[in-house]
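The values are calculated or read from the model by the stated rules, or taken from the named source; none is laboratory data. Because the structure is predicted, anything quoted here is derived from the model rather than measured. Note that each Cβ is placed from the backbone with ideal geometry, even for glycine, and that neighbours are counted across all protein chains shown. Note: accessible area is taken over every heavy atom of the protein model, side chains too, but ligands, DNA and RNA are not part of it. Shrake-Rupley method; radii C 1.70, N 1.55, O 1.52, S 1.80 Å.
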Number of protein chains: 4
Amino acid sequence: MRQVLLIDCADQKGLVAKISAELFNRGVNITSNREFVDPVTRHFFMRTEFEGEFSDGDIVQAMKALLAPGARVRLASPGKKRLVILGTKEPHCLGDILIRCAYNALNATIEAVVCNHDTLGSLVEKFGVPFHFVDHRNTDRAAHAEAIREVVERYSPDYLVLAKYMRILPPEFVSRYPNRIINIHHSFLPAFVGASPYKQAYERGVKIIGATAHFVNADLDQGPIIGQDVIPVNHRYTARDMASAGRDVEKIVLAKALSLVVDDCVFVSGNKTVVFD
Amino acid sequence: MRQVLLIDCADQKGLVAKISAELFNRGVNITSNREFVDPVTRHFFMRTEFEGEFSDGDIVQAMKALLAPGARVRLASPGKKRLVILGTKEPHCLGDILIRCAYNALNATIEAVVCNHDTLGSLVEKFGVPFHFVDHRNTDRAAHAEAIREVVERYSPDYLVLAKYMRILPPEFVSRYPNRIINIHHSFLPAFVGASPYKQAYERGVKIIGATAHFVNADLDQGPIIGQDVIPVNHRYTARDMASAGRDVEKIVLAKALSLVVDDCVFVSGNKTVVFD
Amino acid sequence: MRQVLLIDCADQKGLVAKISAELFNRGVNITSNREFVDPVTRHFFMRTEFEGEFSDGDIVQAMKALLAPGARVRLASPGKKRLVILGTKEPHCLGDILIRCAYNALNATIEAVVCNHDTLGSLVEKFGVPFHFVDHRNTDRAAHAEAIREVVERYSPDYLVLAKYMRILPPEFVSRYPNRIINIHHSFLPAFVGASPYKQAYERGVKIIGATAHFVNADLDQGPIIGQDVIPVNHRYTARDMASAGRDVEKIVLAKALSLVVDDCVFVSGNKTVVFD
Amino acid sequence: MRQVLLIDCADQKGLVAKISAELFNRGVNITSNREFVDPVTRHFFMRTEFEGEFSDGDIVQAMKALLAPGARVRLASPGKKRLVILGTKEPHCLGDILIRCAYNALNATIEAVVCNHDTLGSLVEKFGVPFHFVDHRNTDRAAHAEAIREVVERYSPDYLVLAKYMRILPPEFVSRYPNRIINIHHSFLPAFVGASPYKQAYERGVKIIGATAHFVNADLDQGPIIGQDVIPVNHRYTARDMASAGRDVEKIVLAKALSLVVDDCVFVSGNKTVVFD
């Protein structure tokens, strides 16, 4: 069975030697090993794929015993990750993920889709996925977020995916899922934070537009960036044309970021990510 | 002789018919024609390359007579454009332009290079181009800009090129050269305006960095964008690595923007550009 | 009503003047005009979007009367284009087009999907689109193509789309739909023509892979290219990883090419295309 | 002192553990470690940057003693690499490398430039670099290559760089510098091998052009690819425009490949490369 071991801790001399000796001695076969030491923070990150069973005891405990206190050691769950997707009205990101999951092109299952409009219900139901319409009208932000949370928790997701979910989630909500909410922002962050980035891009007259997938934290559009991509535009593009062209980038950037996250290739490091792609 | 006619004016029905009939009737041969009507401002832009002499009188006057008052009509000067380049210490953009001009890869001549450090003098002099070191120490911003201006004006340049010139030019200086100063900013504007964009990019943890060539106006880093490009980076890049990788984008983006400007392919339209590339 | 007029003919002096005068005199309002003269073949291409009714008679006849014999003049049908999609087993391109058409992100309707395997039937039927499984086993190539043709013709499509259709269509089939069959080839043509391009790419050790959308003609993988795009790969990519990463490029390149074709932005010019994007 | 250790050998269980333990025990400080096991050939590649002196004996011998016979172990020379550049008439790649080396933007020195035309002599001499014009007229291919070789050997270069050298080097020449000759080919290989790739690209009507940096081996344009990049083109590009636009890609791709090679980031693996960028 293929497994993934994830370690991050303060760097010290001989870490790779120590960790790899331990794995070797317990008889597993390393098929891929990636590591990185941040030269500024002196923090060490390691992602190891191995085959075979760890012959003697619990691997996480064995590793922690080797490392200084404070080291984070995690054995990734080997199966598909459970996703709940939040959306609003736009189908392109959601549709793309639905098809990927339906055809095993993403190591994940969509447990449910939760939207603040009912527009996307018919699409979701085509794929046999539960759809929840949680109306945001006639309720305040906190109550709406609480209603969302209540639905989400029924599914015990590994990750929440904001697939063009156009509302801001309050900090109390966000803090429940640290580094487990992935958003696609429809601009090349940090350009054009906030609302209507394509309108902003049009008005600024940029020649390239982009999209950014990031983890969500308490500061809007400020979370650790997982991936970004761009496409060229020109003076013939209206704001609407930019939005239309941008959708292709959004869905590909989100899908690629999701793929990296569910394959356990992404570490969060302060407000940044270490991505072993 | 190949010539370029540039027209921009408020749009009205039948403009293309009117203009092209006039050109046809005077016997010139249109080899390339590009036009654009901004759907928001209803402003019309046209760039026409033609061969042959306009048979009857002055083409600019003839066109103005056809068009509503306020139309801008310009016959581009057919020869090489005269550039003065401003720099500081970094050689990559300057060196790239020097070689292009030396080998006719840019429709321009470098009349002089003016720097606030003397670092680049030996490079410039290799190419037989006048170099002026205008020290900014022991003088205030206005006096330094005035000293630069005094040198620049000796050469009557068509365009000033800020090839990593690391000082801010005061508005009085800028206003003397409307849409005639081209800057390369070492970020993907509007992300990371101001100083140390690579440091900012590093701290934000972006996955793509870029460069922006733009006309300079009174607002720092806010002028009309001519061109932009980007390259991917990752967690292994330090701020210094980003700066190093970014230099290649900077020089290519600046050179491409310059090429479009000196070939008369760029209109300024409010705070944007129309680029017939 | 917005309409699109498409003209291509041998170039001659004054063509733009002549055509635009005719349009102006008949009272239509040109909203966008794009033209191109191939400097080698001296062939002229013009795409004009206009609003309003042509006040006097048939516009195509009026234009033909203006132009030399042999000119092609076409008024694009204003509604959605009718597509029939051919597929085999892979869902990514097909799924992407299904969602675009379902949400009006492509100016087209999918009339039917025809496959030589039944794998994709359940996906197609989710979207209420007729699915035809035309088995290629126990039949020869000509008979299979004839069976496909028979199904296709029931739907009178404007265009056939080969969305990863993995069989070669015989010349007799292709010749029935000149410049009306669009294929996505999973490589950056002309690199890696023929079968298993990702395997070829892997074996050659390329650092970039790509996809090509092209019109199909009698020579396999040799038809006029509409669009291409690429993504970087590295030594860690197996042939299978390349295929997986390539799927995202394939679907975006195909969708973009289709969008240009159904919006009447593409002329075929010998073995090339003129694309007014 | 920062050093780079390069190991490649048949993979076996515990290699990373063994190698990193040895380094740890001898007291050096690993600052960066990259490894890769080719899943098809089961070959192991490792690049380790470390600081400090290996405390006990010769590191290469120590490592070889650890590893199976046939392992290649190499300690990269720590200083600048010595380059000899071969060119013909085009200045863009050569000029770019001259400026980089003059300003320490490449970890290399240019020992000499050797050309089969004298066009570039004045450029080279500006930078105080020896220039050798080795005329190919009135001599046969073998004699010309021998004359080149004779000049090259005076400088004992680490690498030869073909910076748009437009002649084919005979196999006897190439075999003297295995994996030490770097060429820039002006197409996106394997598309358009051989002569006039831009003309070929123009005739095929591609929508993207590119450049490829590769090691030279006995088969023309077939050597291991180090890096590639592309830029979009369209129907308005003539073959000449493509060549002109392509020059920017060529020089950037070559410079980036050179940078990776002189920083000891590139392993050759059969007909491919492993690039730790």
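Springs between alpha-carbon atoms under 10 Å, Gaussian network over chain C: tell me which of C:His235, C:His214, C:His117 tops the mean-square fluctuations.
Residue with maximal mean-square fluctuation among C:His235, C:His214, C:His117: C:His235.
For D:Asp219, go 7 angstrom from Cα along the Cα-to-Cβ vector, then report the distances to that same point in the other copies in nm, smallest first.
From this label point to the equivalent ones elsewhere in the assembly: 2.4, 5.3, 5.8 nm.
Scan around C:Ser187 for amide H atoms under 5 Å from its own, H built in the peptide plane at 1.01 Å from N, and keep only partners 5 or more places away or cross-chain.
Sorted by chain and number, the residues that satisfy this are C:Thr212.
Among A:Tyr177, A:Asn138, A:Ile148, which residue has its Cα positioned farthest towards the positive end of the charge dipole of the range A:118-203, with +1 placed on the Cβ of Lys and Arg, -1 on the Cβ of Asp and Glu, and the dipole taken about the Cα centre?
Checking the options against the dipole of the range A:118-203, the answer is A:Tyr177.
Which residue is it, in chain B, that holds its beta carbon closest to the axis of the B-onto-A rotation, and how many whole angstrom away?
B:Ala191, 2
Would you calculate the separation in nanometres between label points at A:Gln12 and B:Ser77, each defined as 7 Å from the Cα along the Cα-to-beta-carbon direction?
Modelled inter-label distance: 7.0 nm.
Would you mind working out the magnitude of the charge dipole of the range B:80-177 relative to its Cα centre, with +1 at each Lys and Arg C-beta and -1 at each Asp and Glu C-beta, to the nearest 20 Debye?
Values: 13 positive and 12 negative charges, 51 e Å.
It comes to approximately 240 debye.
For peptide D:207-217, what's the mean number of Cβ atoms from other chains within 10 Å of each residue's Cβ?
Average neighbour count from other chains, rounded to a whole number: 3.
Can you check what the net charge comes to around A:Val124, using other residues whose Cβ is under 15 Å from the Cβ of A:Val124 (Lys, Arg +1; Asp, Glu -1)?
Here the charged neighbours net out to 0.
When ligands, DNA and RNA are left out and all protein chains stay put, how many square angstrom of accessible area per residue does the range D:2-75 have with a 1.4 Å probe?
45
Going by a 1.4 Å probe on protein heavy atoms, which residues of the range D:76-107 end up with at least 30 Å² less accessible surface in the whole assembly than in their chain alone?
Residues meeting the cut-off: D:Pro91, D:Ile99, D:Arg100, D:Tyr103.
Efficiency by 1/(1 + (r/R0)^6): what FRET value for C:Ser175 and C:Ala239, r their Cβ-Cβ distance, R0 = 30 Å, to the nearest 0.05?
Numbers: r = 34 Å, r/R0 = 1.14.
E between C:Ser175 and C:Ala239, to the nearest 0.05, is 0.30.
Please give the calculated 222 nm ellipticity per residue for chain D, where each DSSP H segment of at least 4 residues contributes -39500 (n - 2.57) and the sum is spread over every residue; nearest 500 deg cm²/dmol?
Mean residue ellipticity at 222 nm (helix-derived): -9500 deg cm²/dmol.
How large a share of the accessible area of the range D:204-276, in percent, is made up of carbon and sulfur atoms when the probe is 1.4 Å and the other protein chains stay in place?
Roughly 50 percent of what the probe reaches on the range D:204-276 is carbon or sulfur.
Using a label point 7 Å beyond Cα on the Cα-Cβ vector, give me the inter-copy distances for C:Gly270 in nanometres, one decimal, shortest first.
Spelled out, the distances from C:Gly270's label point are 4.0, 4.2, 5.8 nm.
For the interface of B with A, what's the total buried accessible surface in square angstrom, probe 1.4 angstrom, rounded to the nearest hundred?
2800
What are the nm distances, shortest first, from A:Pro232 to its equivalents in the other copies, labels at 7 Å along Cα→Cβ?
The answer, with the shortest distance listed first, is 0.6, 1.8, 1.9 nm.
Classify the range C:26-123: rounded, prolate or oblate, from the alpha-carbon gyration tensor (a ≥ b ≥ c, eigenvalue square roots; a/c under 1.5 rounded; otherwise prolate if a/b is larger than b/c)?
Details: a/c = 2.92, a/b = 2.12, b/c = 1.38.
In terms of gyration-tensor shape, prolate.
Tell me the angle of helix D:92-102 to the major Cα principal axis of chain D, expressed in degrees between 0 and 90 and rounded to the nearest ten.
For D:92-102 against chain D, the angle is about 40 degrees.
State which entries of A:Lys18/C:Lys207; B:Lys251/D:Lys80; A:Lys207/D:Lys126; A:Lys272/D:Lys207 exceed 32 angstrom in Cα-Cα distance in the structure shown.
Among A:Lys18/C:Lys207; B:Lys251/D:Lys80; A:Lys207/D:Lys126; A:Lys272/D:Lys207, the Cα-Cα distance tops 32 Å for A:Lys18/C:Lys207; A:Lys207/D:Lys126; A:Lys272/D:Lys207.
Please say if chain C is rounded, prolate or oblate, where rounded means a/c under 1.5 for a ≥ b ≥ c the square roots of the C-alpha gyration tensor eigenvalues, and otherwise the choice is prolate for a/b larger than b/c and oblate otherwise?
prolate
How far apart, in nm, are two points set 7 Å out from the Cα along the Cα-to-Cβ line at B:Asn25 and at D:Asp118?
Modelled inter-label distance: 5.8 nm.
Rounded, prolate or oblate: which one fits the range B:132-277, using the alpha carbon gyration tensor with axes a ≥ b ≥ c (rounded when a/c is under 1.5, else prolate when a/b beats b/c, else oblate)?
Since a/c reaches 1.5 but b/c is at least a/b, the shape of the range B:132-277 is classed as oblate.
Which one, B:Cys265, B:Ile231, B:Met242, is farthest towards the positive end of the dipole of the range B:194-277 when Lys and Arg carry +1 and Asp and Glu -1 on their Cβ?
B:Met242
Residues of the range B:145-277: accessible area per residue at 1.4 Å, in Å²?
Using a 1.4 Å probe on heavy atoms only, each residue of the range B:145-277 averages 35 Å².
Using a 10 Å cut-off on Cβ to Cβ distances, tally the other chain neighbours for every residue of B:12-18 and report the average as a whole number.
Values: counts 0, 6, 8, 4, 11, 11, 4.
That average works out to 6.
Near B:Lys13, which aspartates and glutamates are there with a Cα under 16 Å away, not counting those fewer than 8 places off in the same chain?
Hits, sequence-local ones excluded: B:Glu22, B:Glu35, B:Asp38, C:Glu22, C:Glu49, C:Glu51, C:Glu53.
Cut-off under 18 Å on the C-alpha distance; same-chain residues fewer than 8 positions from C:Lys256 excluded. Which aspartates and glutamates are left, in chain and number order?
A:Asp96, A:Asp229, A:Asp241, A:Asp248, A:Glu250, C:Asp96, C:Asp158, C:Asp229, C:Asp248, C:Asp264, C:Asp277
Collect residues whose amide H, placed 1.01 Å from N in the peptide plane, falls under 5 Å from the amide H of B:Leu86; neighbours closer than 5 in sequence don't count.
Hits under the 5 Å cutoff: B:Val114, B:Val161, B:Leu162, B:Ala163.
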